[in-house]
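Structure first, commentary second.
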Amino acid sequence: MALIPLLAMVRKDLQLFLSDRRSVIVSFVVPIAIASFFGSIFSGPGSNSEPARIAIAIIDQDASAISRSIVAGARADKSLKLAMPTEAEARDEVRRGKTAVAVIIPKGFGEAAGNAFFGNGEKPQLSLLHDPSRGIELAMVRGILTQHVMEAVSREMFGGEQGRRAVEQTLPGIASSSMPAAEKRALMEMLNSVQKFYNQPAAGGAQAGTGRRGLTMPYNVREEAMTAGSNIAYNGYSHSFAGMAIQFLLFAMANAGIEMLIERQRGLWKRLRSAPVSRLTLLAGKAASGAIISLMILLVAFAFAMIVFRVRIQGSILGFLGISIACAVMASTFGLLVAALGNSPATARGVTTLAVLMMVMLGGAWVPTFIFPAWLQQLTVIVPVRWAVDGLDAMTWRGIGLSGALIPVAVLLGFAAAFASVAASRFRWEEG
């Protein structure tokens, strides 16, 4: 092998790479930016940043001392963002994905939980309405709720008026019960001690009572997944196909934009301008063909998901088609934007790879947005992928009607109009 020509070729390639300053910067920035992004997510909130709170709703139909204490505890909890809507409003919020869990405290819960606290009453039932795509948040809320309910019930039963009444009513029943003598004696001694405690003005009774043995969980939980219907299970493939399809639409149209840059380098667009065709027609033709290709990719992907993974459009078919068309138009105009702003094919390829990956990650296509920091969750509303994925989710497993497609379609078409306007104003027809 001739060493001198080999070194000359290597030197030439290095010179070409280093001569394009933007390409050099992007080559280093892309891996650093992506690694930093994932590090900031999975390392948790910093000491100076506000942690993201789980959005929950509580419907207090009981209005007892115990239920009010539960609400107060949840409101003060730093992990929860509490709302107090009506039951109908809460069901709609959970179904649309705006609230992770809604807790319904039924009438009579406080009285029944207090009676069940000493094991001699029927346990009342809490109802949890939850978004089935956010199972991690449901588990967290279930654990946090257990803490607040136990604190509220024990505080009332060992330091409140309801606890005093419960002990007074329970003692005669235990004395006349048929339980073993040893257990009866031990239970009555405990309740007599609690009764003596009530008659003293000392504070701290709640802490003294919560650690005693023999106490049972004072409630049961009934969970209801808010999907398109009570007999319709959540299909995770609906969300994954929405996210991945949008990602590949953007990559495909970005590649189309890079091909336009290559064509410009070869002088093709300069020759096309000599033809009796306006600039607007040329750009519109590119946008139309890109939108058709994007729509075909999206529909074929969902057709495969429907056949193989039983994904179904539980909402509006018209709304699904509207969102699909809006996604295709947005992706196509994104390709025009790449062609208009790209300095060279190499630079454009690096920049668009970073842009697409960041939009997909921020849009919730890879990881759920609830694990993002609070400030980043608010930022994702300016990312078109977020609206595309949420809109397709609404039309598939969430089962939202046509009204659920109107806002996503409007926002996606707004992004498309912005991309097209910038592309038309900045597009260069020949090399500078």
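Laboratory data are not the source of any read-out in this text; all were calculated from the coordinates shown. Remember, predicted model here, so these are calculated numbers, not experimental data. Positions of Cβ are backbone-derived with ideal geometry, glycine not excepted, and every protein chain shown enters the neighbour counts.
For the pair TRP375 and MET296, what calculated FRET efficiency results from E = 1/(1 + (r/R0)^6), where r is the Cβ-Cβ distance and R0 = 41 Å, to the nearest 0.05?
0.60
Let me check I've understood the local charge: for PHE304, count other residues with C-beta under 14 angstrom from its C-beta, Lys and Arg +1, Asp and Glu -1. What total comes out?
+2
Taking the Cα centre of segment 236-426 as origin, sum charge times position over the Cβ atoms of Lys and Arg (+1) and Asp and Glu (-1), and report the length of that vector in debye to the nearest 20.
Computed about the Cα centre, the dipole is about 560 debye.
Which three numbers, in whole Å and largest first, are the semi-axes of the equivalent ellipsoid of segment 236-426 derived from its Cα gyration tensor as √(5λ)?
Each semi-axis is √(5λ); the values are 30, 18, 15 Å.
List the lysines whose Cα lies under 30 Å from the Cα of LYS107, skipping any in the same chain that are fewer than 8 positions away.
LYS78, LYS81, LYS98, LYS123
Taking K and R as +1 and D and E as -1, what net charge do the other residues with C-beta under 15 Å from the C-beta of ALA228 add up to?
+2
Hey, which aspartates and glutamates would be in cross-link range of LYS270, C-alpha to C-alpha under 17 Å, not counting anything within fewer than 8 residues on its own chain?
GLU259, GLU430, GLU431
Thinking of segment 353-432 as a set of Cα atoms, what percent of all their pairs are more than 18 Å apart?
53
Could you pull out the chymotrypsin sites (Phe, Trp or Tyr not before Pro) across segment 284-337 that fall in loop regions by DSSP (anything but H, G, I, E, B) with no more than 15 other Cβ atoms inside 10 Å?
Qualifying residues, ordered by number: PHE309.
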